[in-house]
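Since the structure comes first, as structure tokens, the remarks are kept for the end.
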């Protein structure tokens, strides 16, 4: 097994020079980062008779192949598609036959003709964008004839891949001024948009891509599109002043100065008004329709969510579970505000992901105190990743019963 060392910018020439030695198997690369203390990053290129077949952080296998394919084939991300693929994997994985698995997936119509080749081509180029020209490291080739039986396609000639990678590298350099990082979050300048001649379809597209407050990287994954294509689209919009691309430090600075926003969900109009009055020092958004909760969460990104349990349609327990299943809101404080006071209801609330539980009737001081406690707790968790040894930081548990009513009680 031959070992090679390369500096930044030397990997592409190395692949050209040593191409004949890389037959069928795995080229294991260990890439150096900016900080030597962080160690190296693994990268594995799968070869099939001298042609490049696959790229990932590990050798070709059914799980990683399907994960990479789903990055570029939207159909594979559908919930029913994933269930069907799991059934196929359980039936075929015992034979460990990747071609049979892909053939069965194609027979279900989950992969159309040409999509497999296009996805594998883009998968290689996406990793070339990240690693090929900027990283130094070491590599060694492992001959593995099993790849010959597992190869889903015949692979790609090296030279066309390297030429396309070089063209993309130049394009990324052109975009770098407008798009310094794919972690930037696009924010629409609606004043500028309203003065610009955009069709209704263009406006809807702009709104749909930016309404969730996601980074360019997340948008590319959500759309299952090429990162370079997404970067080019937003770079053009940024140059026209239609969007600004906020990098994470800018977002953190803006977040510190933003007003504290609460989203309150209760089907009683009276209770909605009481919550707005009692929590008047906050920006309180109210709704009585559970179907509006998810759109409002993504639109306003509140600091805390208040929910009743008994609501028409979906109840607060199930809604809480849904919110908690979303990566963006796994740490969002959720306060159950309900007239249900049984131990079972409290346990169900806790298991669903609620962080607080307040029973009606309650006083203004009780509500404000509980909201302040949860907000402070969330802020502490955000800025303090650990507690000093021996420190007693556990707040009073809201699951052991609510404080006794004190005067101005609210119930609806």
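The values are calculated or read from the model by the stated rules, or taken from the named source; none is laboratory data. All of these numbers come straight from a predicted model, not from anything done at the bench. Virtual Cβ from ideal backbone geometry, glycine too; neighbours counted across all protein chains shown.
Some points to look at:
- When residues of segment 199-221 are limited to those that are surrounded by 13 or more Cβ atoms within 10 Å (Cβ to Cβ) and more than 25 Å from residue 115 (Cβ to Cβ), the one nearest to the chain's Cα centre (by Cα): 215
- Residue count for segment 54-67, restricted to those that are closer than 20 Å to residue 30 by Cβ and touching a strand residue (DSSP E or B) at 6+ places or on another chain (Cβ under 8 Å): 8
- Screening residue 281 against (1) over 27 Å from the mean Cα position of the chain (by Cα); (2) surrounded by 20 or more Cβ atoms within 10 Å (Cβ to Cβ); (3) not in a strand (DSSP E or B) leaves a single unmet condition, (2).
- Only one of the numbered conditions (1) surrounded by fewer than 17 Cβ atoms within 10 Å (Cβ to Cβ); (2) assigned to a helix (DSSP H, G or I); (3) modelled with pLDDT under 95; (4) touching a strand residue (DSSP E or B) at 6+ places or on another chain (Cβ under 9 Å) is violated by residue 117, and that is (3).
- The selection criterion, being crowded, with 18+ Cβ neighbours inside 10 Å and over 24 Å from residue 114 (Cβ atoms), does not hold for residue 9.
- Scan of segment 134-148 for residues that are in contact (Cβ under 8 Å) with a residue 40 or more places away in the chain and surrounded by fewer than 19 Cβ atoms within 10 Å (Cβ to Cβ), ordered by number: 134, 136, 138, 140, 142, 143, 144, 145, 148
- Listing of helices (runs of 4 or more DSSP H) fully contained in segment 140-208 that carry 3 or more residues being touching a helix residue (DSSP H, G or I) at 6+ places or on another chain (Cβ under 9 Å) and in the same structural domain as residue 20 (by TED's automatic domain parsing): 158-175
- Only one of the listed residues (75, 20, 86) is more than 16 Å from residue 131 (Cβ to Cβ), over 30 Å from the mean Cα position of the chain (by Cα) and either outside the structural domain of residue 140 (by TED's automatic domain parsing) or part of a helix (DSSP H, G or I) (or both). That residue is 20.
- Residue 224 satisfies every condition listed in (1) at pLDDT below 95; (2) surrounded by 13 or more Cβ atoms within 10 Å (Cβ to Cβ); (3) not assigned by TED's automatic domain parsing to the domain that holds residue 305 except (1).
- Each residue in segment 289-303 was checked for being surrounded by 14 or more Cβ atoms within 10 Å (Cβ to Cβ), under 21 Å from the mean Cα position of the chain (by Cα) and not in a loop (DSSP other than H, G, I, E, B), and 7 of them qualify.
- Candidate set from segment 35-56 (those that are within 15 Å of residue 137 (Cβ to Cβ) and outside any strand (DSSP E or B)); member that is modelled with the highest pLDDT: 39
Per-residue answers, yes or no, for (1) free of Cβ contacts under 8 Å to residues at least 40 places away in the same chain; (2) assigned by TED's automatic domain parsing to the domain that holds residue 162; (3) part of a helix (DSSP H, G or I):
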{"residue": "59", "(1), (2), (3)": "no, yes, no"}
{"residue": "69", "(1), (2), (3)": "no, yes, yes"}
{"residue": "80", "(1), (2), (3)": "yes, yes, yes"}
{"residue": "90", "(1), (2), (3)": "yes, yes, yes"}
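- Meets criteria (more than 21 Å from residue 359 (Cα to Cα) and modelled with pLDDT of 90 or more) for residue 295: no
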